[in-house]
1. Would you be so kind as to identify which of TYR50, TYR36, ALA87 lies farthest towards the positive end of the dipole of segment 1-113, taking Lys and Arg as +1 and Asp and Glu as -1 on Cβ and the Cα centre as origin?
2. Using +1 on the beta carbon of Lys and Arg, -1 on that of Asp and Glu, and nothing else charged, what's the dipole of segment 4-146 about the Cα centre, debye to 20?
3. Can you put LEU124, LEU67 in order of Cβ neighbours within 10 angstrom, beginning with the fewest?
4. Each label point is 7 Å from the Cα along the Cα-to-Cβ direction; what then is the distance between the points at THR72 and ARG48, in nm?
5. Reported to two decimal places, what Rg/Rh ratio describes the chain when computed on Cα atoms with Rh from the Kirkwood expression?
6. How would you classify segment 97-146 from its alpha-carbon gyration tensor, with a ≥ b ≥ c the square roots of the eigenvalues: rounded for a/c under 1.5, else prolate if a/b is greater than b/c, otherwise oblate?
7. What angle do you read, to the nearest 10 degrees and between 0 and 90, between the alpha-carbon axis of helix 57-69 and the longest principal axis of the chain?
8. Ranked by Cβ crowding within 10 angstrom, fewest neighbours first, how are ASP116, ASP28 ordered?
Amino acid sequence: MLYLADLAPGAAEALLRRYGLTLVRIADGATIPGSYWGEPEAGIIGGRVYARADTPVHSLLHETCHLIVAPTQRRASIHTDASESQAEEDAACYLQILLADSLPGIGGARLMADMDAWGYSFRLGSARAWFERDAEDARAWLAQRNLLPALARGESRG
């Protein structure tokens, strides 16, 4: 399992800033505000994502993605539980896998393995199987809202 402490300094903050979000680092052992699953899982309140050094990267990304996919007008009122529908939940899962590629040393494949180890459940039995063969609806949901990162849309890196 990869943790916030395993990320390159500033990498998580830079990713969140791209989406107008703020990472609030919580001291070791302190309670994480807005954590749906409890420590060490990430928490969300408004446009802030709360995490400790021992917060799993998959959790940090998942909660971040809940805020990204939430309509801007609803984002400010989010506290702990962000999802309004299964479609939104699926979109957050899909997007977190894509965003893992933008974190040095993480990548989607590693993130999916961590998701499986944590206990995410998908109809096809694994995060990879879902992402590759059963997530068309999540991808379409994100595309309809123009929330797919440029690389996922097939745009060049240049």
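Since every read-out is calculated from the coordinates, none of them should be taken as a lab result. Values in this document were obtained by computation on a predicted structure and should not be read as measured data. Note that each Cβ is placed from the backbone with ideal geometry, even for glycine, and that neighbours are counted across all protein chains shown.
1. Result: TYR50, furthest along the dipole toward the positive end.
2. Details: 13 positive and 19 negative charges, 93 e Å.
I would put it at about 440 debye.
3. Details: LEU124 13, LEU67 23.
Fewest-to-most ranking of LEU124, LEU67: LEU124, LEU67.
4. 2.2
5. On the way: Rg = 14.5 Å, Rh = 15.6 Å.
Taking Rh as the inverse mean 1/r over Cα pairs, Rg/Rh reads 0.93.
6. Details: a/c = 2.49, a/b = 1.13, b/c = 2.21.
Taking the square roots of the gyration eigenvalues as a ≥ b ≥ c, segment 97-146 is oblate.
7. Roughly 70 degrees, rounded to the nearest 10.
8. Values: ASP116 17, ASP28 10.
In increasing order of surrounding Cβ atoms, one gets ASP28, ASP116.
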